[in-house]
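Please read the structure below before turning to the comments.
Bear in mind these aren't lab numbers, they're just calculated from the coordinates by the rules spelled out. Note that the coordinates shown come from a computational prediction; the quantities given were computed from them, not determined experimentally. Cβ: placed from backbone, ideal geometry, glycine included. Neighbour counts: every protein chain shown.
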Amino acid sequence: MNYQNISGDVVAPIKAVGYPGSKKYHFKKDSKKLLKWVAENLGLGKGSYEVRFNAGGPAVSGEAVLHAEKLYVTILELSQGVRVMYRTCRGRKDYSGGPNNWCPIEHLIDGRVLPTMKKMIDNA
């Protein structure tokens, strides 16, 4: 099943991969692309955020991270499938920030969590 994001683009779901190789590469590529799309749709200016990927070991999918001045978002695989964790932060050296919020990947793909993230940025 594909999803349509708020820009009207059709996006394939990001699949859990849990081991290295081409599937892990695609998880990295797709999740980083999605986080760049999130940054753009939140109005984050170039240079005001970083998108990176922590590969982890062979038993995990790794995690993609969007780290902005006031927002920290990560996409990772858990036992429930691919999930998104997001929270406020105070700069790009803050790795603990505010309370963790969780949602399924579909809520990020279709944009329904973006207004919440925007409000968090505005109120941080």
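Key figures for this structure:
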item	result
Qualifying residue in segment 78-85 (condition: buried (at least 18 other Cβ atoms within 10 Å of the Cβ) and under 17 Å from A39 (Cα atoms))	yes
Condition check for G111: assigned to a loop (DSSP other than H, G, I, E, B), farther than 15 Å from S48 by Cβ and not hydroxyl-bearing (S, T, Y)	yes
Lone qualifier among R83, R90, R52 - being within 15 Å of the chain's Cα centre (by Cα) and more than 15 Å from K28 (Cβ to Cβ)	R83
Failed criterion for A59 (all others in (1) crowded, with 18+ Cβ neighbours inside 10 Å; (2) in contact (Cβ under 8 Å) with a residue 40 or more places away in the chain; (3) among the hydrophobic types (A, V, I, L, M, F, W, C) hold)	(1)
Selected residue (only one of S61, S48, S96 is within 22 Å of K23 (Cα to Cα) and of a type in the set (S, T, Y))	S61
